[in-house]
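Here is the structure we will look at.
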């Protein structure tokens, strides 16, 4: 059955309006934060995982990721939302403010894997990329490498509207599992 060209045009205009409305609601910016920023937020209790249960990797997966960071390989951005603990809203000046919590929507496993290596002396269990690293801890690295690792920049997508965290988290989890939305 052939559709009326005017009906097709109206459907396309409605679709385009829907797409624009969704795009307008996705208010975000990107920034770079060093690992030591995230380490300090975690120490303060201000690094939170958005999903109900904190996803974990096994030791091999964590170790392999840490190796990629030590080797200086690029890895995907982390997506976060910021929330002020002082007044429960988003009226704050900067993510560095001590009263601001960083809520990780996507990338929590990556962050926690490297932060545990930096803080808890979890030894590497793999040496897939860096021969000789198996069994090594953060403290066994040369001081120059430790400083460089602490200053490693993490590309961060900062969502300005925390109401979208649920939708975005669902999309990310579904994509990671290979689900069809």
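Results, tabulated for the structure shown:
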{"quantity": "Test for residue 116: is it at pLDDT 90 or above, under 22 Å from the mean Cα position of the chain (by Cα) and either closer than 15 Å to residue 33 by Cβ or surrounded by 14 or more Cβ atoms within 10 Å (Cβ to Cβ) (or both)", "calculated": "yes"}
{"quantity": "Among the residues listed as 133, 159, the single one being crowded, with 18+ Cβ neighbours inside 10 Å and modelled with pLDDT under 90", "calculated": "159"}
{"quantity": "Selected residue (only one of 60, 9, 67 is more than 25 Å from residue 135 (Cα to Cα), out of contact with any helix residue (DSSP H, G or I) (no Cβ under 7 Å at 6 or more places or on another chain) and modelled with pLDDT of 85 or more)", "calculated": "9"}
{"quantity": "Answer residue from the range 70-93, given it is part of a loop (DSSP other than H, G, I, E, B) and modelled with pLDDT of 85 or more and is surrounded by the most Cβ atoms within 10 Å (Cβ to Cβ) among those", "calculated": "77"}
{"quantity": "Answer from 52, 96 - the residue that is under 28 Å from residue 148 (Cβ atoms), at pLDDT below 75, out of contact with any strand residue (DSSP E or B) (no Cβ under 8 Å at 6 or more places or on another chain) and in a loop (DSSP other than H, G, I, E, B)", "calculated": "96"}
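The values are calculated or read from the model by the stated rules, or taken from the named source; none is laboratory data. Keep in mind the model is a prediction, meaning the values are calculated, not measured. Here the Cβ is made from the backbone with ideal geometry for all residues, glycine too, and neighbour counts use every protein chain on show.
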